[in-house]
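Chemist: To start, I am sharing the structure in question, which I have written as C-alpha cells.
The values are calculated or read from the model by the stated rules, or taken from the named source; none is laboratory data. All values derive from a computational prediction rather than experimental measurement. Cβ sites come from the backbone with ideal geometry, for glycine too, and all protein chains shown count toward neighbours. Surface areas here come from the heavy atoms of the whole protein model, side chains and all, with no ligands, DNA or RNA. Shrake-Rupley method; radii C 1.70, N 1.55, O 1.52, S 1.80 Å.
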Amino acid sequence: MVSSSSSGSAYNLVFCLLLLLLIPFPSHSSDPDPLQDFCVADLTATPSTNGFPCKPVSAVTSEDFFFDGLSKQGNTKNAFGSSLTPGNVLAFPGLNTQGISMNRVDFAPGGLNPPHSHPRASETGVVITGKLLVGFVTTNNVFYSKVLTAGQMFVVPRGLVHFQQNVGEGNALAFTAFNSHLPGAALAATTLFASKPQVPNQVLTKAFQVEDDIVNTIKSKFGA
Ligand code: GLV
Ligand code: MN
C-alpha cells in the first residue's frame, strides 16, 4: 500500500522534473560546423538558414580559397576618419559555412571606428600599426578599454557595443577576426538615427531625454 506521504513526494518529484524541462537550456549556437571540406558560396542563389548553397564542386578553383580584398588601404577621408574593409562570406565566398571571417580597419589620425555590435560573433583583433584606444561596454554598463600598439590584441565579447579610435600621431591599421562567416554589424548611431523608415522622434526624444531639434540635428548628420 502506498502511503499518502510517499505518493505526495512522488508527485513533487514529477512536478520538479516537469519544471526542469520547461527551463530553457542555455544556447551557445554559432555558425554551424561544415559537413564537407568546403562549400564555396554560390552568391547568386538565395541564402538558406545556414548560409549560401554551395557552388558545384566542378566549378570550384584555387581562386575560391584566396582573397586579396584586405591588401589595399581603405579611404579614410570621411566624417569618421576610418575605413572598414570586410572579408566576410559576401566578399570572399570560400568562407561560406566555415564560421570565420576578417576585416581590415584603417584609421587616419583621430579616426574612429564608431560604436557598433556584432549580433552573430565575438571579435578579436590585432593592431598592425599605430596606437588605438579599444573599448567595449557590457550589458551592465561597465566600460572596459585599453590603448594598444602594434602586435597587441583585443577581444570583444559577442554582441557588445565597441569601438576603436586612433589616438596616435600617424595612421593606424588593425585586422579583426570573427567566429562567423557573416557577423553582421549594428552601428549604434545609424541604427537609431538613419533607419528606413525612420524611428519616430517621439521615441528618440524620450529615449535620450532631449528635444526634437537635437534628434533632428543628429538625423541630418546621417542623411535622414
Ligand atoms: C571592428 O570593430 C570590426 O568590426 O572590424
Ligand atoms: Mn567590430
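Chemist: Decide, for the stretch 57-185, between rounded, prolate and oblate: order the square roots of the alpha carbon gyration tensor eigenvalues as a ≥ b ≥ c, take rounded if a/c falls under 1.5, and otherwise choose prolate if a/b is larger than b/c, else oblate.
Modeler: Oblate, since a/c reaches 1.5 and b/c is not below a/b.
Chemist: Each residue of the stretch 110-126 in turn: what ³J(HN,Hα) in whole Hz from Karplus with 6.51, -1.76, 1.60 and θ = phi - 60°, glycine and Pro shown as x?
Modeler: x, x, 10, 8, x, x, 7, 9, 10, x, 10, 7, 7, 10, 10, x, 9
Chemist: Between residue 155 and residue 57, what FRET efficiency comes out of the Förster formula 1/(1 + (r/R0)^6) with R0 = 25 Å and r the beta carbon distance, rounded to 0.05?
Modeler: Efficiency, from the Cβ-Cβ distance: 0.10.
Chemist: Could you state the accessible area per residue of the chain in Å², with a 1.4 Å probe and every protein chain left in place?
Modeler: For the chain, the per-residue accessible area is 62 Å².
Chemist: Okay, moving on. Give the residue from 167, 209, 136 lying farthest towards the positive end of the charge dipole for the chain; charges sit on Cβ (+1 for Lys and Arg, -1 for Asp and Glu) and the dipole is referred to the Cα centre.
Modeler: Going by the charge dipole, the pick is 209.
Chemist: Do any trypsin sites (Lys or Arg not before Pro) in the stretch 73-128 lie in a loop, going by DSSP, with at most 13 other beta-carbon atoms within 10 Å of their beta carbon, and if so which?
Modeler: Here the sparse-neighbourhood loop sites are 77.
Chemist: If you fit an axis through the alpha-carbon atoms of helix 4-22 and take the longest principal axis of the Cα set of the chain, what angle between them do you get, 0 to 90°, nearest 10?
Modeler: Rounded to the nearest ten degrees, it is 20.
Chemist: Right, something else. According to a simple spin-label model (label point 7 Å from Cα along Cα-to-Cβ), what is the distance in nm between residue 220 and residue 37?
Modeler: It is 5.9 nm.
Chemist: Whenever you get a sec, line up 54, 39 from highest to lowest accessible area (probe 1.4 Å, protein heavy atoms).
Modeler: Descending order: 54, 39.
Chemist: Ignoring ligands, DNA and RNA, how do 136, 178 rank by accessible area with a 1.4 Å probe, largest first?
Modeler: 136, 178
Chemist: For the stretch 139-224, what does the alpha-carbon gyration tensor say about shape, rounded, prolate or oblate, given a ≥ b ≥ c as the root eigenvalues, a/c under 1.5 as rounded, and a/b over b/c as prolate?
Modeler: Note, shape of the stretch 139-224 comes out prolate.
Chemist: Still on this model: Of 106, 42, which has the most accessible area and how do the rest follow, probe 1.4 Å?
Modeler: Per-residue accessible area, sorted high to low, gives 42, 106.
Chemist: Return a whole-number percent for the relative contact order of the chain, with Cα pairs under 8 Å and 6 or more residues apart as the contact set.
Modeler: About 18 percent, as a whole number.
Chemist: Can you bin the chain into rounded, prolate or oblate? Criterion: square roots of the alpha carbon gyration tensor eigenvalues sorted a ≥ b ≥ c, rounded for a/c under 1.5, prolate for a/b above b/c, oblate for the rest.
Modeler: Judged from the Cα gyration tensor, the chain comes out oblate (a/c at least 1.5, b/c at or above a/b).
Chemist: Report the net charge of residues surrounding residue 194, where surrounding means a beta-carbon distance below 12 angstrom and charges are Lys +1, Arg +1, Asp -1, Glu -1.
Modeler: Charge balance in the 12 Å sphere: +3.
Chemist: Quick one: net charge of residue 69's neighbours, Cβ under 15 Å, K/R +1, D/E -1?
Modeler: Result for the local shell: -2.
Chemist: What angle, in degrees between 0 and 90 and rounded to the nearest 10, separates the Cα long axis of helix 212-221 from the longest principal axis of the Cα atoms of the chain?
Modeler: Between the helix axis and the principal axis of the chain, the angle is about 60 degrees.
Chemist: Let me ask something additional. What size of dipole, in debye to the nearest 20, comes out for the chain about its Cα centre when the only charges are +1 on Lys and Arg C-beta atoms and -1 on Asp and Glu C-beta atoms?
Modeler: The calculation lands at about 440 debye.
Chemist: With unit charges on the beta carbons (Lys and Arg positive, Asp and Glu negative) and the dipole taken about the Cα centre of the chain, which residue among 193, 113, 93 sits farthest to the positive side?
Modeler: 193
Chemist: Tell me, what ³J(HN,Hα) does each residue in the stretch 65-73 have, in order and in whole Hz, if you take phi through Karplus 6.51 cos²θ - 1.76 cosθ + 1.60 with θ = phi - 60° and put x for Gly and Pro?
Modeler: 10, 10, 8, 9, x, 9, 7, 9, 5
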